[in-house]
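The values are calculated or read from the model by the stated rules, or taken from the named source; none is laboratory data. What you are looking at is a predicted structure, and each value in this text was computed from that prediction instead of being measured. In this analysis, Cβ positions are derived from the backbone assuming ideal geometry, glycine residues included, and neighbour counts consider all displayed protein chains. The area values use the complete protein model at the heavy-atom level, side chains included, leaving out ligands, DNA and RNA. Shrake-Rupley method; radii C 1.70, N 1.55, O 1.52, S 1.80 Å.
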Amino acid sequence: MDQNFSIVSLVLGASTVVQIVLALLLAVSLASWTVIFRKYFSVKEARLKTDDFEQEFWSGTSLNDLYQAAVGAARHGSPLQRIFGSGMREFLKLRERRVEPTALVDGARRAMRAAQQREMDVIESNLSFLASVASVSPYVGLFGTVWGIMHAFVGLSNLQQVTLATVAPGIAEALVATAIGLFAAIPAVIAYNFFARDIDRLSIRFESFMEEFSNILQRQVAPHAGSGSGSGVAAGASRFPSDAGGR
């Protein structure tokens, strides 16, 4: 007895519930691969732009020029550039109000922390989707398999003689659901771990930059902490470029 065990024939011969499960898993797999490719290019772009900004920052370029570039770049710049811009913007606003020198640094640090959180939210977007696909898809496929096996055995109950040739097609149709579930889950698991590692590295780089930039601000305002004068802080701020270039 000739049986066609190709994937297409098994899917077409499966029960309606199993076909729905397979269609769902294929749609999820397609969405997962779309997220994987988009996330790969977005994380790579963030990493390269961060490299470029760090190189420019520590090359000795004036912080005023860097700040103007950050304002002009807006949403098209580096995540680290936007973090720097937020801290510098808050520092300049507080300096105009002639607040205490220590408050200048604290305000800039808080602004950078908030900007970093916004940037990380953007970079980490859709990671939860990959995690859900990785954890749920095998169980959805298993559900399709169990349902398909139940359907196959119910059909066999009407037969007087059951052989391997009569059992195999129904079992094979059901097992396709498990295979498709794994097909959707495995790439999602690998991609999630890959992106999570790269994003953690970016987060560490952001944290390190914020601390280093805060130290630069602290060194500038520290000599004038006793006076508390806005003019003293402004004079210290004029020396930023030389400090930035002395990494």
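Applying the criterion of being basic (K, R) and surrounded by 15 or more Cβ atoms within 10 Å (Cβ to Cβ) to the residues of the stretch 55-89, the residue that is nearest to R205 (Cα to Cα) is R82.
On the given criteria, is E100 closer than 30 Å to V28 by Cβ and in contact (Cβ under 8 Å) with a residue 12 or more places away in the chain?
Values: closer than 30 Å to V28 by Cβ: no; in contact (Cβ under 8 Å) with a residue 12 or more places away in the chain: yes.
So E100 does not fit the description; no.
Summed over the stretch 116-162, the residues that are modelled with pLDDT under 80 and polar (S, T, N, Q) give a count of 4. If you go through the stretch 88-108 and keep only what is farther than 22 Å from G72 by Cα and either hydrophobic (A, V, I, L, M, F, W, C) or in a loop (DSSP other than H, G, I, E, B) (or both), you end up with R97, R98, V99, E100, A103, L104, V105. Return yes or no: is D51 more than 17 Å from the chain's Cα centre (by Cα), among the acidic types (D, E) and loosely packed, with under 13 Cβ neighbours inside 10 Å? No. Considering the stretch 199-231 alone, what residues qualify as being at pLDDT below 90 and aliphatic (A, V, I, L, M)? Passing the criteria: I216, L217, V221, A222, A225. Within the stretch 105-128, being open to solvent by 70 Å² or more (accessible area, probe 1.4 Å) and either within 23 Å of F41 (Cβ to Cβ) or of a type in the set (S, T, N, Q) (or both) holds for Q117, R118, D121, V122, E124, N126, S128.
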